[in-house]
Amino acid sequence: MRRLQHVFTTVKKESPILYGIVMLNIIAAIICAIGIFVDQRTLMGVSVWLKPTKFLISVGIYILTVGFLITFYPYSNRVKHIIRNVVSWTLLIEVSIIILQAARGVQSHYNQSSLLDALLFAAMGILIATNVLVMLFFIVETFRLKLDVPKAIQRGILMGWIIIFIGSWVGQRMIAQMAHNVGIEDGGAGLPLVNWSTIAGDLRVAHFFGLHGLQLIPLFALFVHEKLKSTERKKLIAVMIFSLLYASFICFTFYQASQGRPFLGKS
């Protein structure tokens, strides 16, 4: 809890605007979560407010992560300000579109049913593509630069960026097929909260774990740095082994979904 408070305090001090957008995501997520219980409308078998709730939480975590990690990079305040604004504002617009479509009771993703829906979906694609380019930028920079963190943690941050880039590639595969399910149309029985299909393949599983590798892998690297009483080389090896195992798990869930088999449940 102390560490989480440190993250929020650091981000608020370094970038009040980005911090404000994170807080907007949190507040909006709470409102949308309430909407699940008070609004009886459903879309594809679940509340129209489930998707925006999930996206607001996930996007808020990502923006907060970027806002904190960038403090370790040897950039000027101007460069940091530009990157923070690109990430936070583009994703704020992204989730705003998702909320708008939920309020209208229609799909936000893969929706080509009207000119407005198609334009909104295309705009979402541009906004996400912008952030994928930022991820690629950070992969190169984390490999190239010396960050203000121990080597094991820098390696964890690098692998986190690589993993989230892979997760974004899975998202592109969903866009290419205009669906997230494999074997059946989107919808049907799903796991609680996440709504991953329990009767067919669902690419959202690999997408989810890929996107949140940016938090899990650096956190593991921090744990190794603080708790593993060993040489720096062995700490680096431990971080790499965990990263490769995590990447292998994502590859497995992607392959599993591609074969039309659910992550959990009966195919």
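Let's see how each residue does on (1) touching a helix residue (DSSP H, G or I) at 6+ places or on another chain (Cβ under 9 Å); (2) among the aromatic types (Phe, Trp, Tyr); (3) closer than 25 Å to Met1 by Cβ; (4) not assigned by TED's automatic domain parsing to the domain that holds Tyr62:
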{"position": "Ile217", "(1), (2), (3), (4)": "yes, no, yes, yes"}
{"position": "Leu228", "(1), (2), (3), (4)": "yes, no, yes, yes"}
{"position": "Ile237", "(1), (2), (3), (4)": "no, no, no, yes"}
{"position": "Gln256", "(1), (2), (3), (4)": "yes, no, no, yes"}
{"position": "Pro262", "(1), (2), (3), (4)": "yes, no, no, yes"}
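I'd like to check something: does region 78-94 contain any residue that is modelled with pLDDT of 95 or more, of a type in the set (A, V, I, L, M, F, W, C) and in contact with a Lys or Arg (Cβ under 6 Å, 6 or more places away or on another chain)? No: zero hits.
Residues in region 258-266 include none that are among the aliphatic types (A, V, I, L, M) and in contact with a Pro (Cβ under 9 Å, 6 or more places away or on another chain).
In the set (1) assigned to a helix (DSSP H, G or I); (2) crowded, with 18+ Cβ neighbours inside 10 Å, the condition left unmet by Gln172 is number (2).
You will find that of Ile184, Ile217, Ile199, the residue that is crowded, with 17+ Cβ neighbours inside 10 Å and at pLDDT below 95 is Ile199 and no other.
When you look at Ile163, is it of a type in the set (Val, Ile, Thr) and more than 14 Å from the chain's Cα centre (by Cα), yes or no? No. Give region 75-132 a look and list any residue that's touching a Ser or Thr at 6+ places or on another chain (Cβ under 9 Å) and of a type in the set (S, T, N, Q), or say none. The answer is Asn85, Ser88, Thr90, Gln101, Gln107, Thr130, Asn131. Counting only residues that are of a type in the set (A, V, I, L, M) and buried (at least 16 other Cβ atoms within 10 Å of the Cβ), which one in region 135-158 is farthest from Lys234 (Cα to Cα)? Among those that are of a type in the set (A, V, I, L, M) and buried (at least 16 other Cβ atoms within 10 Å of the Cβ), it is Met135. For region 191-250, a tally of residues being basic (Lys, Arg), more than 24 Å from Lys151 (Cβ to Cβ) and in a loop (DSSP other than H, G, I, E, B) returns 0.
Any chance region 9-28 includes a residue that's among the aromatic types (Phe, Trp, Tyr) and either in contact with a Gly (Cβ under 9 Å, 6 or more places away or on another chain) or at pLDDT below 95 (or both)?
Yes - at least one qualifying residue is present in region 9-28.
Within region 158-170, identify whether any single residue is assigned by TED's automatic domain parsing to the domain that holds Ala238 and at positive phi, and answer yes or no. Scanning region 158-170, I find no residue that is assigned by TED's automatic domain parsing to the domain that holds Ala238 and at positive phi, so the answer is no. For region 223-258, a tally of residues being surrounded by 18 or more Cβ atoms within 10 Å (Cβ to Cβ) and in contact (Cβ under 8 Å) with a residue 40 or more places away in the chain returns 14. The condition (being over 16 Å from the mean Cα position of the chain (by Cα) and at positive phi) is satisfied by just one residue among Gly183, Gly201: Gly183.
The values are calculated or read from the model by the stated rules, or taken from the named source; none is laboratory data. These figures come from a predicted structure and were not determined experimentally. Here Cβ is always computed from backbone atoms with ideal geometry, including for glycine, and neighbour counts include all displayed protein chains.
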